[in-house]
Amino acid sequence: MVDLNIVTGALKGWGGQGLPFGTLLHSSPPRRQRTLTAPLHETAPSSFWQRLPSWSTPEPEQRTNPQTQCALLTTLPLDIRLLIYDMVLGGMAFHIGNDTTGRMTCYICQRAEGIVHDDDHQACLAPTKRRPSASPREDYTQATGLLPLLVTCRQIYSEAIETLYSANTFEFWQNQAALRFLRIMIPPQRLRCIRRFRWAMQFPHHPNINARSRTDWSDLFAFFANETYGLQHLYLKLKRNYLVEAIIQQTPDERAAGWIEPMVLMAIDANRKRKCLVEIAMNGVVHVPVDIFENIQRRHRGAGYREVLDWTCTEMHRRIRLSLDAPG
């Protein structure tokens, strides 16, 4: 049994603070000034001042030259080239996080085929197991060489770049790294190409503790619903936290919709629109919101949508609460 006096005292320190990823979540993604994919589009100057060469710095001219000497592009049809890109760039899982200097790092999983059912991938981060993901070296035969293929020429980049996002799994173990990747580092059109996304989330306090945290939590799942609409599998692992677990254990299941409902609504919407599987894991137990919703809907065929949704939130919170007592 938790000591509510300790919990109450600790939570007072958070005041009106939101969740740690709130600032990045609500930031505007930067606009890339130069187009990388073909075809290039000529655009007129956006202001009078840009028409005056002496008053403005002209942008370097972008040109695309036909690759008539490249057998890959001139001999093989596009569907065969796409298969080649998938074999070279796809079928991997990337562990992405921040190092001690704040720089984002990416390690290729050693057991990508088992990532769906296995959370223990610390071995992939060991210095002796890390696989470089940039240009290959003669003294390291396992180097993947992802970047050299993409920067070969504009046509190959244009044809292959979507494969890098759609044919791999992206896994994050830090909040800041996940939101930097989603909101800042990749353009929106690439965000929609991601099919499999895993995130081990850590938050210092319960998402329903104050209005700002509730907004951050709801907006996060609205983001997944509206901007990552290429997702086919979303796996969110809620890391254990004493203060969060204390509130979960003390909250009546029927009054937990404030933070459960955004997850359930997103899962139902994503499954209905694109058959996306959303899984929420805590303490080693995986919960599938859409399965809970559909089971309740089958048992209560005459009930309205709102009733079924409320019962789903209640049941999911009950399962999460009970999972805290399971060995994990």
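If Arg154 satisfies all but one of (1) touching a helix residue (DSSP H, G or I) at 6+ places or on another chain (Cβ under 7 Å); (2) of a type outside the set (S, T, N, Q); (3) more than 21 Å from Met282 (Cβ to Cβ), what's the number of the condition it fails?
(1)
Quick one: in the stretch 67-78, which of the residues that are farther than 13 Å from Thr152 by Cβ and surrounded by 10 or more Cβ atoms within 10 Å (Cβ to Cβ) is modelled with the highest pLDDT?
In this case the residue turns out to be Leu76.
Tell me yes or no: at least one residue of the stretch 213-230 is within 26 Å of Asp99 (Cβ to Cβ), over 22 Å from the mean Cα position of the chain (by Cα) and modelled with pLDDT under 95.
No, because not a single residue in the stretch 213-230 is within 26 Å of Asp99 (Cβ to Cβ), over 22 Å from the mean Cα position of the chain (by Cα) and modelled with pLDDT under 95.
Here are Val116, Val88: which of them is assigned to a helix (DSSP H, G or I), modelled with pLDDT of 70 or more and either out of contact with any helix residue (DSSP H, G or I) (no Cβ under 8 Å at 6 or more places or on another chain) or not hydroxyl-bearing (Ser, Thr, Tyr) (or both)?
Among Val116, Val88, only Val88 is assigned to a helix (DSSP H, G or I), modelled with pLDDT of 70 or more and either out of contact with any helix residue (DSSP H, G or I) (no Cβ under 8 Å at 6 or more places or on another chain) or not hydroxyl-bearing (Ser, Thr, Tyr) (or both).
Can you pull out the residues in the stretch 292-319 that are touching a Ser or Thr at 6+ places or on another chain (Cβ under 8 Å), aliphatic (A, V, I, L, M) and more than 15 Å from Asp269 (Cα to Cα)?
Ile296
Does Glu227 satisfy the condition of being within 30 Å of Ala160 (Cβ to Cβ) and among the charged types (D, E, K, R)?
On the way: within 30 Å of Ala160 (Cβ to Cβ): yes; among the charged types (D, E, K, R): yes.
The answer is yes for Glu227.
Scan the stretch 171-186 residue by residue and report those that are in contact with a helix residue (DSSP H, G or I) (Cβ under 8 Å, 6 or more places away or on another chain), crowded, with 21+ Cβ neighbours inside 10 Å and either at pLDDT 95 or above or not in a helix (DSSP H, G or I) (or both).
Within the stretch 171-186, Glu171, Phe172 meet the criteria.
Name the pairs whose Cβ atoms lie under 7 Å apart, with the first residue in the stretch 289-307 and at pLDDT 95 or above, the second of a type in the set (Phe, Trp, Tyr), and 6 or more positions between them or separate chains?
Within 7 Å, the pairs are Ile296/Trp311.
If I go through the stretch 187-199 residue by residue, how many of them are at pLDDT 90 or above and more than 10 Å from the chain's Cα centre (by Cα)?
3
Report every pair of residues separated by at least 6 positions or lying on different chains whose Cβ atoms are under 8 Å apart, first residue within the stretch 270-283 and more than 11 Å from Ala225 (Cβ to Cβ), second among the charged types (D, E, K, R) and not in a strand (DSSP E or B).
Ala281/Asp119; Met282/Arg240; Asn283/Arg240
Of the numbered conditions (1) buried (at least 17 other Cβ atoms within 10 Å of the Cβ); (2) under 24 Å from Glu307 (Cα atoms); (3) at pLDDT below 95, Gln250 satisfies every one except a single condition; which is it?
Exception for Gln250: condition (1).
Tell me, please, whether a residue that is charged (D, E, K, R), modelled with pLDDT of 95 or more, surrounded by fewer than 20 Cβ atoms within 10 Å (Cβ to Cβ) and in contact with a strand residue (DSSP E or B) (Cβ under 9 Å, 6 or more places away or on another chain) can be found in the stretch 256-279.
yes
Which of the residues belonging to the stretch 267-318 are among the charged types (D, E, K, R) and not in a helix (DSSP H, G or I)? Talk me through it step by step, then tell me what you get.
Let us first name the residues in the stretch 267-318 that are among the charged types (D, E, K, R), namely 269, 272-275, 279, 291, 294, 298-299, 301, 306-307, 310, 315, 318.
Matches in the stretch 267-318: Lys275, Glu279, Arg301.
I'd like the full set of residues that are in contact with a strand residue (DSSP E or B) (Cβ under 8 Å, 6 or more places away or on another chain) and under 16 Å from Arg306 (Cα atoms), limited to the stretch 280-295.
Answer for the stretch 280-295, where residues must be in contact with a strand residue (DSSP E or B) (Cβ under 8 Å, 6 or more places away or on another chain) and under 16 Å from Arg306 (Cα atoms): Pro289, Val290.
Would you be able to tell me the number of residues in the stretch 206-224 that are surrounded by fewer than 20 Cβ atoms within 10 Å (Cβ to Cβ) and either in contact with a helix residue (DSSP H, G or I) (Cβ under 6 Å, 6 or more places away or on another chain) or assigned to a helix (DSSP H, G or I) (or both)?
Result for the stretch 206-224: 9.
The values are calculated or read from the model by the stated rules, or taken from the named source; none is laboratory data. The structure displayed is predicted, hence computed values, not measured ones. Neighbour counts run over all protein chains shown; Cβ positions are idealised from the backbone, glycine included.
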